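Values quoted throughout were computed directly from the atomic coordinates according to the rules given, and no laboratory measurement underlies them. Bear in mind that the values here come from a model prediction, so they are computed numbers and not experimental data. For neighbour counting, all protein chains shown are included, and Cβ atoms are generated from backbone atoms with ideal geometry for every residue, glycine included.
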Amino acid sequence: MPNAGEDVRYRADDLIEYVTALFAAAGCDGDKPRTIAAGLVEADLLGHTTHGLQLAPAYLSDLESGGMTATGEPEVVADRGAAVTWNGRRLPGVWLAAKAVDLAVERAPTYGVVTIVIRRSHHIGCLAAFLQRATDRGLMITIASSDPAVATVAPFGGRMAILTPNPLAVGIPTDGDPILIDISASITTNGMASRLRREGKRFPGAWALGAEGRPTDNPEALFTDPPGTLLPLGGTDHGHKGYGLALLVEALTQGLGGFGRAEKPTQWVASVFVQVVDPSAFGGTDAFKSEMSWLASACRDSPPRPGVDAVRLPGQRALERKRKALAEGVALYPGIVEALTPYAVKFCVTPPQPLAAANR
């Protein structure tokens, strides 16, 4: 076993096999176990460690309690070819989102633009993890998600939570690496707030409001009674921008899906928006890539301000991390392996062995 403090890494394929076995043993049918496992590992490859394998224990727990549906297909609510709505039936969200992206990618050459909305999905994990399913095929993709059962973000000027962080991700193909945008309408995520609280750390700035409405850098403020809230992107200064973005995401997900906060759901759910655009239906694929490649190069070539080593594109660091992790192994965030151990014991699944330092 590695010594304490040593950089412990695992082969990505070994992690996928391990987590696939766990979800299969937990009752997920068909291709769900492998799709879930691959999606969570992809998030860790990209460096989104709060939304990778850290989520697996919570997902497995919800399978045990019946909060996540293990088998079956989504119900088709509407299908007009280019516009589709599913009732996700609380099926695994990582699987549902991947299925929606793949269907949109399949139909995009026919319709030019394909939009799929999912209501009553389970949590979909890291949005950036789905983007290359489209960009690798020269297609542009937008994904958004919200949770109508949760409220942790106050509207701008308010002090009571109404919204969720409401992430939005966009994948833009170029002649080289794609641009991978993954942002949220709040300053930070619930996952990061929970992690910092567990570790006794604080936010880098006043990213939250206490219950009385005063800005704070203490994540504990979100867990008081009554609780405080996360601030929208832009904070107390320019938070109207994050607030506007949050409303847009809720309209695209809950509004178009026809299920949201008005129904007062009480279980962990997700409302999801997926849209895939085929540039060939517009100005042409080559022209699109030419424009986006020029823009990407211009941004990278921009002289950096003092204290910045270089201007980077969204997703650039993530793709660099992914290539390194695929070559040298995935370094999981502390505690993730230990959190999965009870399920490995319960389901008699053998955990993967770390890579020896000499093999990296």
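Descriptive notes on the structure:
- Set the Cα radius of gyration of the stretch 192-255 against 2.2 N^0.38 Å, with N its number of residues, and you get 1.20.
- Put simply, the chain fits an ellipsoid with semi-axes of 28, 27, 25 Å; these come from the alpha carbon gyration tensor as the roots of five times its eigenvalues, largest first.
- The stretch 214-296, relative contact order in percent, only Cα pairs under 8 angstrom and at least six apart counted: 13
- The translational diffusion coefficient of the stretch 62-220, from Stokes-Einstein at 10 °C and 1.306 mPa s with a Kirkwood hydrodynamic radius over alpha carbon pairs, comes to 90 µm²/s.
- Computed over the stretch 135-219, Kirkwood Rh from alpha-carbon pairs, angstrom: 14.7
- Based on every Cα atom in the stretch 234-360, Rg and the maximum pairwise Cα distance Dmax equal 22.3, 57 Å.
- The charge dipole of the stretch 232-360, taken about its Cα centre with unit charges on the Cβ atoms of Lys, Arg (+1), Asp and Glu (-1) only, comes to about 340 debye.
- Order of Cys348, Cys28 under a 10 Å beta carbon neighbour criterion, fewest first: Cys348, Cys28
- Dipole magnitude of the stretch 32-87 about its Cα centre (Cβ charges: Lys, Arg +1; Asp, Glu -1), debye to nearest 20: 100
- Entries of Lys289/Lys322; Lys264/Lys346; Lys32/Lys289; Lys241/Lys324 with Cα pairs more than 31 Å apart: Lys264/Lys346; Lys32/Lys289; Lys241/Lys324
- Note that the stretch 163-279, at 25 °C in a medium of 0.890 mPa s, gets a Stokes-Einstein diffusion coefficient of 155 µm²/s from its Kirkwood radius over C-alpha pairs.
- Residue among Val276, Val150, Val349 with the largest mean-square fluctuation in a Gaussian network model of the chain, springs linking Cα atoms under 10 Å: Val349
- Local charge for Ala70 was computed over the other residues whose Cβ lies under 11 Å away, with Lys and Arg +1 and Asp and Glu -1, and equals 0.
- Unit charges on C-beta of K, R, D, E only; dipole of the stretch 40-162, Debye: 360
- Loop-located trypsin sites (Lys or Arg not before Pro) in the stretch 286-329 (DSSP state other than H, G, I, E, B) with a sparse environment of at most 16 neighbouring Cβ atoms within 10 Å: Arg312.
- Restriction of the GluC sites (Glu not before Pro) in the stretch 190-241 to DSSP coil positions whose beta-carbon has at most 12 other beta-carbons within 10 angstrom yields Glu199, Glu212.
- Sum of -39500 (n - 2.57) over DSSP H runs of 4+, divided by residues of the chain (222 nm, nearest 500): -11000 deg cm²/dmol
- As a length-normalised measure over Cα pairs under 8 Å and 6 or more apart, the relative contact order of the chain settles at 22 percent.
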